[in-house]
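Below: one structure, written as structure tokens.
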Amino acid sequence: MKNMQTNYEEITQIELDELSRTLNPLIGMKIDWLSLPDKALLGFEPSQIAVIVNTLIDGILPQIELLAQMKITKQNFPTLV
């Protein structure tokens with residue numbers, strides 16, 4: 001996403017299209033290895049869960065992007081998907 005604006009002007013249709021193309025491979029991707037046990041969640045407030053999930057996602061974004069680019073399937077890597 002090289003051409004993204006760095007100021008606060010309106011987002012152009014070209015930028016929206018580029019963002020859509022970039023994120024499209026992630027739509028519908030199921031990542032079973034990013035999970036929290038149900039019983040562990042009982043001790044947390046919703047805002048705390050959001051912090052935990054956001055932190056995990058920040059850490060694994062490079063892997064998610066790689067998986068999306070590879071169009072990984074259960075047949076290829078059953079332990080990852």
### Message
What pairs come out if I take residues in segment 13-37 that are hydroxyl-bearing (Ser, Thr, Tyr) and pair them with residues that are not in a helix (DSSP H, G or I) whose C-beta lies under 8 Å away, six or more apart or interchain?
### Response
THR22/MET1
### Residue list for segment 1-28, filter: surrounded by 10 or more Cβ atoms within 10 Å (Cβ to Cβ), within 18 Å of GLU65 (Cβ to Cβ) and either over 13 Å from the mean Cα position of the chain (by Cα) or modelled with pLDDT under 75 (or both)
MET4, GLU18, LEU19, SER20, ARG21, PRO25, LEU26
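The values are calculated or read from the model by the stated rules, or taken from the named source; none is laboratory data. The structure displayed is predicted, hence computed values, not measured ones. Heads up, the Cβs are rebuilt from the backbone with ideal geometry, glycines too, and the neighbour counts pull from every protein chain shown.
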